[in-house]
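So the structure is just underneath, and the comments pick up after that.
The values are calculated or read from the model by the stated rules, or taken from the named source; none is laboratory data. If you're wondering where the values come from, they're calculated on a predicted model, not measured in any experiment. Please note: Cβ atoms are built from the backbone with ideal geometry, for glycine as well, and neighbour counts cover all protein chains shown. Areas reflect the complete protein model, heavy atoms only, side chains present, ligands, DNA and RNA absent. Shrake-Rupley method; radii C 1.70, N 1.55, O 1.52, S 1.80 Å.
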Amino acid sequence: MSNHFHLVVFIDQEESKQLTDLEIALRWHQLYKVTMLTQKFANGENLSKVELDAVTIKINEWRERLLDLV
């Protein structure tokens with residue numbers, strides 16, 4: 001059958017757990033539109049505690065999504 005192909009993907013979950021929040025943000029920014037707060041975070045700008053908490057929540061969500069192919 002020449003109308004499809006199979007792809008085998010391996011996601012190293014242990015290695016992905018080692019990625020820093022900045023590395024996750026930069027990888028996500030390569031794939032999708034960025035938020036103002038995560039852009040400030042990636043640029044090393046100072047964030048308030050509330051902003052940093054919001055960025056951490058978003059990055060944890062992205063970390064999970066980058067591990068999930070579904």
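Summary: within the chain, the longest segment free of chymotrypsin sites (Phe, Trp or Tyr not before Pro) located in DSSP loops with at most 13 other C-beta atoms within 10 Å is 33-70.
Relative to 2.2 N^0.38 Å, what does the C-alpha radius of gyration of the range 20-64 come to as a ratio? Two decimals please.
Normalised by 2.2 N^0.38 Å, the Cα Rg of the range 20-64 equals 1.01.
Between helix 49-67 and the chain there is an angle of about 10 degrees, using the helix long axis and the longest principal axis of the Cα atoms.
Computed from the C-beta positions of Asp68 and Tyr32 and an R0 of 22 Å, the FRET efficiency is 0.95 to the nearest 0.05.
Element breakdown for the chain at a 1.4 angstrom probe: carbon and sulfur atoms account for 56% of the accessible area.
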